[in-house]
Structures are given as structure tokens and as C-alpha cells.
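The block underneath contains the structure these notes are about, expressed in C-alpha cells.
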Amino acid sequence: MLIEQSPSLPTVAVVGLGKIGLTLAAVFANNGYRVFGADINKGVVKTINQGKSHIRNEPGLDHLILTAQTNKTLSATTSTSEAVARADIIVVIVPVLVDDQNNIDYQFIDGAVQNIANGLKKGSLVIFETTLPPGDTKNRFGRRIEEISGLRLGRDFHLAYSPERVYSNRILQDLKNYPKVVGGLDKRSLELASNFYKQAIGCELIEVSSLETAEFSKVAECVYRDVNIALANELAQFAEKKDVNMSEVIVASNSQPYSHLHSPGIGVGGHCIPIYPYFFINKGLNQGLTPLSRKINDNMAEYAISKIERGIESFVDKNILILGLSYRENVKEPTKSTALLLIEQLRNKKANLFVNDPQFTESEITKYGVKPISLNDKAVSTIDVVILQAFHQEYSKIDFSQFSNCKFVLDGRNKLNKDEISQLGIKYEGIGL
């Protein structure tokens, strides 16, 4: 269902209404634009048209959506072509992932681009915000739109790229505080995109010389973080050998303004860091720090398991509790979570696997082939090993005295109270501690 557009407002179609796409749509709809959202999920569309958000834990989003729906500046449809046909500006925020072999998976965005091309009208501006390998905006998607629509790229429609640069649970805050990197096919495309973001978001802009520069900048951000975390993980393992506390090292080292060591951990996950480096690796950057960092970070789950195994000798028939299915704290997002690597490897070692995550329902956890368990369940007294994978706020108050049979706690985020756990006779180990 799309509400008839107001003739007094400029129009935008937002293609992809996930946590970032929906937030962008809500912001645009509250900043002088009539927004038509498009998503293939019928449930998402229905919820938005009721003035509600399907995204949780995004401060301020519910209010923006309700306000926009009340003002009739935001509506949604499952027909991307219909939304695009009503809009002068099209913002694309459909995910690009990697498969199990780390090959780039374009299936969702390829389908969206075909539908965009079928609805595109002359004079429109298409902006991609999805993180992409350099060159894809123009050579894969711009050319595809041109081929299907019959409209000429740069003459009949304009093309720009401006990567999303936000963090879950604080998207609205980040939209205001982070500069918006914008690149265009040509001078006119850049001008149109920049003017749009100035009004629609009101943030600082960084205009770059090309689409490819803008694409490259987003992937480079993620590669930097992946490399930095890999360095921290490598140093943490070495620190353990030298009986040095890596957490103290980080505080001391980072007091020097040119040192920016990240924190070590059991691994990295989510839609960004474990995925986007492959946008370089698979396009030719297959040697050096970028692929090496991916290997180091993905191997941290195996390293953590080896630390536990040295302490308990065998995982066979041991009851192992993983705290946190999500890839990080206080979000509901299992994509590329280290928990999945732990589950796979511990299952191969014949362990009995339990998972607790307050962000997920029991049925959602069961889908991963593990047993959900409440921390209030008396069955926690049968747990042999606890692994902290994501430090949700609920875990700051765990009473480990309930774990009367527990022999080992692996603190994968270095957040738990070591002294409290050790005093209970439970062996505690962190990463680099």
C-alpha cells in the first residue's frame, strides 16, 4: 500500500527496509520528503504501514516512523518498481553478502536492481548505500539499469554512491555525527546527491572524486578494523606466552596519541568486518595483511576452544554453555557470529551445547541445533564450561554461584569479574589476560 504522494514534497524511494534502510526512510520522511519504502518482506511492509517499526533497540526510530505515518510522508510496498516509479530519488540499501566459500553473493541486490530498472523514470537520481566492491555501482548496477530501462546512464538518469557508516543501536546518532561520503558518476550526479543529503540528513559531507573512491573508502574502513583487531588478537596470544596482561598493554600503549590498538576477542562477526574485506580479496588483494587478518580473526574461535581443552582435557559429553548467539553485545544479529564457529567446532568434539541469548526466543535458538537455556533454570548447575561470546548487558549481573558444576569460564570479551569467578573455584581465562 502506497499513500498518494503530496505534490508539495520531493519524493524518495528507499529500496530495502532493514535496520538501516528503515531508519534512513524515517529520517527522510521527517525532513521534508515523501518516502516510498520497498521491501520483499510482506510482514515488514504491513508493520510500517501501521506506523510501527519491526526493528528493536534503535533509539528514536519508533517515534520517527509513527510521526511520518501520521503525517502521511512514509508508506511501504512489496513492489519495488511501483515505489521507484513514484520517486525522483532512489536510495538502495539491499545487502551484499558472502557465501560459505567467501564468494560475493549478489542475489538480493541483483533482483532489486532489476525491479528498480523496470520502474525508473527519466531524470531520476539513483544512489547506492549498500557496501560494494569498487566499480560495482557503475559497471555492475548502473550498466544493468541502463540495459533494462533503456535510459542512458549520465544523460537520462543520474548515479551516485554514498556508503552507510552507522552502528546498530545508535544509527540516528551516527547519521548526525558521521560525515557522509558522496561520490558521483559525473559533476551533476554528485551535485544532486549532495544537495539531497544536505536536506535529508543535514550532516557534514565529504565529496570525493568518483564513485569508485567512495566505494573504496567504505571497504577500507572495515579492512582497517579487521586488521587492527587481528593485530590485537595476535599480540594477545603472544602476551599470554609472556605472562603479560594485554588489557593493561592497550591502556598504556594507547596513551600515545598515534597508537590505536583495538581490543582482542574471541572473534568478529556481523554484516561488516568479516564480510567486506572479501570485496577486496576477491577482486585481487589476495596477499598481505587483508587476507591474513581474516584468517587470524576467524581462527580465534579455535584458539579459544584450545585454551579450554587444555583445562578440561576433553569436550566429550561435557555441557557447554555459550553466552551470546549475536555477534556482539546488545543486538539481535547472528550474521557471521563467532557463536556459529564455536557451535560447529564444539559439535565436532561431541560436546552437549547450550546457548543463552536474551535477544532471541527459544525457538530461534533451537534452529541452530543447540539447546536454549535460561540463566534462571536449575539446569545451569549441570554446566561444565561457560563461554562468553557476546557481552549483553544482562550478563553483567550473572551469579556464577549457580554454576555449581562449572570447571572453566572462557571470557571471550574480557568483561566478566575474574576474581568473583575464581573465588568460586572455577578456572577463569580471558583473551590475552
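Coordinate-derived values only; no laboratory data. All figures in this text were calculated on a predicted structure; none of them were measured in a lab. Cβ placement follows ideal geometry from the backbone for every residue including glycine, while neighbour counts extend to all protein chains displayed.
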Residues of segment 269-292 with amide N under 16 Å of the 7 Å Cα→Cβ point at Gln101: 282-283
Relative contact order of segment 11-209, pairs being alpha-carbon contacts under 8 Å that are 6 or more residues apart, as %: 19 percent
Pair Lys349, Asp174: separation of 7 Å Cα→Cβ label points (nm): 3.3 nm
Segment 301-433 shape via C-alpha gyration tensor axes, a/c threshold 1.5: rounded
Protection proxy ranking of 85-93, 39-47 - average other beta-carbon atoms within 10 Å, highest first: 85-93, 39-47
Phi to ³J(HN,Hα) by Karplus 6.51 cos²θ - 1.76 cosθ + 1.60 over segment 135-151, Hz, x for Gly, Pro: x, 5, 4, 7, 7, 8, 9, x, 5, 5, 4, 4, 5, 6, 7, x, 8
Mean projection area, nm², convex hull over Cα of segment 211-433: 13.6 nm²
Antiparallel DSSP beta bridges within the chain, as percent of all bridges there, nearest 5: 10 percent
Mean separation of Cα contacts under 8 Å, 6 or more apart, over the residue count of the chain: relative contact order %: 11 percent
Helix-only mean residue ellipticity at 222 nm for the chain, each DSSP H run of n ≥ 4 adding -39500 (n - 2.57), per residue, nearest 500: -11000 deg cm²/dmol
Under Karplus coefficients 6.51, -1.76 and 1.60, residue-wise ³J(HN,Hα) of segment 23-33 in Hz, glycine/proline x: 5, 4, 4, 5, 5, 4, 5, 9, 10, x, 10
Karplus 3J(HN,Hα) series, Hz, for segment 165-178 with 6.51 cos²θ - 1.76 cosθ + 1.60 (x for Gly, Pro): 9, 10, 10, 4, 6, 8, 4, 4, 5, 5, 4, 7, 8, 8
Most mobile of Lys332, Lys241, Lys307 in a GNM of the chain (Cα contacts under 10 Å): Lys241
Sorted peptide list for 165-172, 123-130, 18-25, criterion being average Cβ within 10 angstrom, highest first: 18-25, 123-130, 165-172
Convex hull volume per residue for segment 166-297, taking Cα atoms only, in Å³: 140 Å³
Cβ-based net charge around Asn30, under 15 Å, with every Lys or Arg adding one and every Asp or Glu removing one: +1
Neighbour cut-off at most 13 other Cβ (10 Å), DSSP loop, trypsin sites (Lys or Arg not before Pro), segment 358-433: Lys367
Most fluctuating residue given options Asn297, Asn286, Asn233, as computed from a GNM of the chain linking Cα atoms under 10 Å: Asn286
Amide proton proximity set for Gly430, modelled H, under 5 Å, gap of 5+: Asp411
Highest average packing first - 384-391, 77-84, Cβ atoms within 10 Å: 384-391, 77-84
Taking the convex hull of Cα positions in segment 11-209, its mean projected area over all directions (nm²): 10.3 nm²
Net +/- balance of residues flanking Ala214 in space, Cβ distance below 14 Å, scoring K and R +1, D and E -1: -4
Amide H contacts of Val126 (H built 1.01 Å from N, under 5 Å, at least 5 apart or other chain): Ile90, His158, Leu159, Ala160
Highest-MSF residue in the chain out of Leu185, Leu97, Leu292 [GNM, Cα springs under 10 Å]: Leu292
Projected area, mean over directions - the chain, Cα convex hull, nm²: 21.8 nm²
